[in-house]
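Heads up, the thing below is written out as C-alpha cells.
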Amino acid sequence: MRIVVLAGGIGGARFLRGLQQAAPEADVTVIGNTGDDIHLFGLKVCPDLDTVMYTLGGGINEEQGWGRTDESFHVKEELAAYGVGPEWFGLGDRDFATHIVRTQMLAAGYPLSAVTEALCTRWNPGVRLLPMSDDRVETHVAVELDGERKVIHFQEYWVKLRASVAAEAVVPVGAEQAKPAPGVLEAIAAADVILFPPSNPVVSVGTILAVPGIREAIAEAGVPVVGLSPIVGNAPVRGMADKVLAAVGVEASAAAVAEHYGSGLLDGWLVDTVDADAVGAVEAAGIRCRAVPLMMTDTGATAEMARQALALAEEVR
Ligand code: GDP
Ligand code: FO1
Ligand code: CA
C-alpha cells in the first residue's frame, strides 16, 4: 500500500512512527513542511524535516521532541561569547553538523530535495522524505508588539515569544511562487491513501497545502484522504495551534479544524473520544468521522491511531 503523509514536526513525526508499526509493509512518502525553515549563522535550518528524520532515524531528543539526543551546546555558547545571536534558538552541536552539510550541499547547487535524500541515507528513516518544495517558503506572523504592528518569522513568534501575543495573520511568504518538489505530485497521484497526521493545521499542513498544485492534486487523487485532529478537548495537545487557528478565523476545536480542511479535501476525520460530541457536526459537513483515543502517549497507542485512520480510509473508499 502506498501512503502519502503531509507532516509538520513533532506531531507528524510521532504519528509516522506509529504508522510504521501499524503498517510495516507500507510504502510511505512524507511531504514535509519547510515553512518553518530559517537561516541562522549563515546556515539553513529545516526544523520539521529534521524532526521527522531524527525521530524515525533514532536520533531525536525524545523528551523535547525536536533536536538531537545526547546534545551539547558549546558552539552556541561560543557564538554568544562573541555577541553573535540569536540566543533564543537552541541549536546544539550535533544538530549544527546537519545544517552545515545541508548548507554546503545547497551552496554546491543541489536542491533541498536532493540534500534531504542525502541526509536521510545516514538516518534511514524508513520513509521517503520529500520537502514540500525546493523553493524558499517562510512562514511569517503579524503581531502587535509595543503598540506597533510587526511581521516576524514564525520561529521568532513561537520560540522567542512563546506565542504570548495574538497572531493577527499568518503568511507563508513565497508559497504562491513555489513549485512542489520533484516527486511530490507523482507520489500524491500514485497514493492509495493520503493521511493528515495530527500536525498543526495552519503552520504545518496549511503551509504544505499553500504550495500551488498540492491541494489540487490531493483533491483530484481519487483516493481516501483521512486526517487526525491535533486539537483535543478544544485545545492543542502541545504548541500554539490555537493562536494560529485564531489568526485564520478558525475556532480551536476538532470539528472546526475538519470543516476548515473541508469535505472537498477530507473524506474522513478522527477526533479524540473526549470530543465524541463533535462527530455529528463533522459528518453534517460531509466528512465521515469517528471518535477514538488520539493521545500519542507511546508508539503502541500511536500505532492504534494509525490503524483507525487506515480503517476509516477503507470505510470511505
Ligand atoms: P510541530 O511542527 O513540531 O509543531 O509539529 P506538527 O505540526 O507536526 O504537530 C503539532 C501538533 O501536534 C500540535 O497542534 C499538537 O496539538 C499536536 N499533537 C502533539 N501531540 C499530540 C497527541 O498526542 N495527540 C494529538 N491528537 N495531537 C498531538
Ligand atoms: N523549539 C523550541 O521551542 N525552542 C528551540 O530552541 C528550538 C530549537 C530548534 C532547533 C532545531 C530544530 O530542528 C528545531 C528546534 N525547535 C525549537 C523546534 C522548532 O520550533 C520547530 O519549528 C517546531 O516544529 C515548531 O513548529
Ligand atoms: Ca513545525
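Helix 93-107 sits at what angle to the longest principal axis of the chain, using alpha carbons and giving 0 to 90 degrees rounded to 10?
Helix 93-107 and the main axis of the chain meet at about 90 degrees.
Arrange the residues 121, 299, 55 by how much accessible surface each exposes, largest first, with a 1.4 angstrom probe.
121, 299, 55
Suppose we keep just the DSSP beta bridges with both residues in the chain; what percent of those would be antiparallel, to 5?
That works out to approximately 45 percent antiparallel.
Rounded to the nearest whole Å³, what is the per residue volume of the convex hull around the Cα atoms of segment 67-127?
103
Taking square-rooted eigenvalues a ≥ b ≥ c of the alpha carbon gyration tensor, is segment 170-317 rounded, prolate or oblate, where a/c under 1.5 means rounded and, failing that, a/b exceeding b/c means prolate?
oblate
State the percentage of accessible surface on the chain attributable to carbon and sulfur atoms; use a 1.4 Å probe and exclude ligands, DNA and RNA.
Reported share for carbon and sulfur atoms: 51 percent.
Give me the count of lysine pairs in the chain whose alpha carbons sit under 22 angstrom apart, restricted to pairs 8 or more positions apart or on different chains.
7
At a probe radius of 1.4 Å, what is the per-residue accessible area of residue 151, in Å² to the nearest 10?
In the full protein context, residue 151 sits at about 100 Å².
Order of 102-112, 223-233 by packing, highest average Cβ count within 10 Å first?
Going by the mean number of other Cβ atoms within 10 Å, highest first, we get 223-233, 102-112.
Counting each pair of different Cα atoms once, what's the Kirkwood radius of segment 231-283 in Å, rounded to one decimal?
Over segment 231-283, the inverse of the mean reciprocal pair distance is 11.3 Å.
Angle check, please: helix 10-22 long axis (alpha carbons) against the longest principal axis of the chain (alpha carbons), in degrees 0 to 90, nearest 10.
50
Between segment 289-317 and segment 1-56, what's the alpha-carbon centroid distance in Å?
A separation of 18 Å, based on Cα centres.
Using a/c under 1.5 as the rounded threshold, could you call the chain rounded, prolate or oblate? The axes a ≥ b ≥ c are square roots of the C-alpha gyration tensor eigenvalues, and prolate needs a/b larger than b/c, oblate otherwise.
Note, shape of the chain comes out prolate.
Using a basic spin-label model with each label point 7 Å from the Cα along Cα→Cβ, how many nm lie between residue 118 and residue 295?
Roughly 4.4 nm, to one decimal.
What percent does the relative contact order of segment 24-68 come to when contacts are Cα pairs within less than 8 Å and at least six residues apart?
Worked out over segment 24-68, it gives 25 percent.
Taking the chain as the reference, fit the longest principal axis to its C-alpha atoms, fit the long axis of helix 299-316 to the helix C-alpha atoms, and give the angle between the two in degrees, 0 to 90, nearest 10.
50
Decide, for segment 17-173, between rounded, prolate and oblate: order the square roots of the alpha carbon gyration tensor eigenvalues as a ≥ b ≥ c, take rounded if a/c falls under 1.5, and otherwise choose prolate if a/b is larger than b/c, else oblate.
Prolate is the answer for segment 17-173, as a/c is 1.5 or above and a/b outweighs b/c.
Quick one: compute the contact order of segment 114-218, relative version, from alpha carbon pairs under 8 angstrom and 6+ residues apart, as a percent.
Relative contact order of segment 114-218: 28 percent.
Calculated from DSSP H runs of 4 or more alone, at -39500 (n - 2.57) each and per residue, what is the 222 nm mean residue ellipticity of the chain, nearest 500?
The helix-only estimate for the chain comes to -10500 deg cm²/dmol at 222 nm.
Given an 8 Å cut-off on Cα distances and at least 6 residues of separation, report the relative contact order of the chain as a percent.
Once divided by the residue count of the chain, the mean separation gives 20 percent.
Hey, what do the phi angles of segment 169-186 turn into as Karplus ³J(HN,Hα) couplings, whole Hz, using 6.51/-1.76/1.60 and θ = phi - 60°, x for Gly and Pro?
7, 10, 10, x, 4, x, 4, 4, 8, 7, 10, x, 5, x, x, 5, 5, 5
The values are calculated or read from the model by the stated rules, or taken from the named source; none is laboratory data. Just so we're clear, the structure is a prediction, and the values are computed from it rather than from any experiment. When we count neighbours, we look across all protein chains shown, and the Cβ atoms used for this are built from the backbone with ideal geometry, even at glycine. Calculation scope for accessible area: heavy atoms of the full protein, side chains included, ligands and nucleic acids excluded. Shrake-Rupley method; radii C 1.70, N 1.55, O 1.52, S 1.80 Å.
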